1. Scan the strands (runs of 3 or more DSSP E) fully inside segment 368-419 and keep the ones with 1 or more residues being in contact with a His (Cβ under 7 Å, 6 or more places away or on another chain) and among the charged types (D, E, K, R).
2. Would you be able to say whether some residue in segment 170-182 is at pLDDT 85 or above, surrounded by 14 or more Cβ atoms within 10 Å (Cβ to Cβ) and under 15 Å from ILE131 (Cα atoms)?
3. Contact list please: Cβ distance under 6 Å, first residue in segment 252-267 and more than 13 Å from GLY318 (Cα to Cα) and of a type in the set (Ser, Thr, Tyr), second residue part of a helix (DSSP H, G or I) and at pLDDT 80 or above, pairs at least six apart or on different chains.
4. Here are some residues: TYR261, TYR281, TYR342. Which one is surrounded by 14 or more Cβ atoms within 10 Å (Cβ to Cβ), among the aromatic types (Phe, Trp, Tyr) and over 18 Å from the mean Cα position of the chain (by Cα)?
5. Scan segment 296-324 residue by residue and report those that are closer than 19 Å to GLN107 by Cα and among the charged types (D, E, K, R).
6. I need a count of the residues in segment 155-176 that are farther than 16 Å from ARG89 by Cβ and touching a Leu at 6+ places or on another chain (Cβ under 9 Å).
7. Can you work out which of the residues in segment 97-113 that are without any contact (Cβ under 8 Å) to a residue 24 or more places away in the chain and not polar (S, T, N, Q) is surrounded by the fewest Cβ atoms within 10 Å (Cβ to Cβ)?
8. In this structure, is GLU375 surrounded by 14 or more Cβ atoms within 10 Å (Cβ to Cβ), more than 30 Å from ILE86 (Cβ to Cβ) and at pLDDT below 90?
Amino acid sequence: MPNLLLILLLTVLSGSFYLLILLVKNAISRRNLNNVIDSGYGSHSVSNEQEPFIQYSFVKNMVWNSPAIAHLTICTSTVPIAADFIIVRERMFDKLFKLLGISSELQTGHNWFDRRYYVISENINDTKPHILKDEQICKIIDSLLAEGYDYFKYKTGTVKLGFSSFTGWRWFKANVIPRSANKLKELVNYLDAQQSLFGAHKKGARLQPNCDIEGFMQFYIRPAEKSFQGLPQKWQRQRKLWISSTVWVSAIGLFSSIIIYFIAPYPAIAFEEIANNSLLYIAMPITLLHLLAAGSHLSGRARTHKELSWIAALSGIGYSLIAISALPVLNGALDNSPATTYQSKLIDTDLNRGSKGGPDQYYIIVKSWRNSDTEKLQVDKPFYNRSANRINQTVNITTRAGAFNVEWLHSYHFNNEVQ
């Protein structure tokens, strides 16, 4: 059986390495933005403006005391057209999940554009004329994204481009703002000229552009209630169900692990066996079923596989914590095997001081009765105190086999002591 603890360790190390890469990317991208944007941090507008009005924001924020993350957004407004979509670069996982039928996106009909970009839109089955059906609009959007932005967003009359130095990896060139502004003007003027073809509202109903920062969370998770507006009622109910279920699983897993940390009624002799069995036979199958159920209900939307990745991660963590917490209890509570006593030599004691209000943990180290190695057993404080003066003496260790064949510590005492 593979050592799942080693797999978990490698997963943590790979995740840490990926985070390090993101930090490096953030530092380099932020430095590049500082070099190419002369105006500095803050909200600005492109000078000598008439119509359309172009705004841009270059801001820096701190997240959980992490290194500063720079955000660049540039936006304008046009005649309100009934369209709502976000365009990002199509990656390998986007292609894979489209191939599997889990995710679906709005197709523009232009092969060169559809191969290069992924359109996040809930109106994938909209039969009305869509502005992305016009190849000239796609060409302008392509030229804008080629400047280095992470995404292009259109929402009922507001056009926005955005970039985050933490998640993005693009190299901006000098004068990016003037070039982007000119291309946005070209797009807005073209939409104004073609508005009758796209079912726009009355001319002159132009909205104030919104240059607020929008990052990864708003695009791919968006748990707020307003995020569900505009979706079919069926998807609204199912999306709320699976997002809330994942949150509950994670919360229950965290709560159960804290309880078991303070109260361990049936301490396993080899915790590694508990971890391996609980992850392999409980957490992984249940997480897979949870993910398959969520995927079957949420499939068919452009955001499906992006949301499923978070559902998989959070539910996997939650079910793992629940399984590792529950298995030792069930292993002892359902155990009908007879108790067996072994005489073992006391080798040493060990004390782990509790941090941040946690309890102290007391251990004895004895000669193993299972192999030639040693065993580290958690005991109560009085026995730990007595053990300090009885090194090399015999300790009577009583164990039981466990309902799931994981041996657990039943009792312990020195000779001539009551168990």
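The values are calculated or read from the model by the stated rules, or taken from the named source; none is laboratory data. As the structure is a prediction and not an experimental result, all values here were calculated from the model. Glycine gets a Cβ as well: all are built from the backbone with ideal geometry, and neighbour counts include every protein chain shown.
1. 394-400
2. no
3. As it stands, the answer is TYR266/PRO328; TYR266/GLY332, since those pairs meet every condition given.
4. Just one listed residue meets the conditions, TYR342.
5. ARG301, ARG303, LYS306
6. Qualifying residue count for the region: 7.
7. In this case the residue turns out to be LEU99.
8. Against the criterion (surrounded by 14 or more Cβ atoms within 10 Å (Cβ to Cβ), more than 30 Å from ILE86 (Cβ to Cβ) and at pLDDT below 90), GLU375 qualifies.
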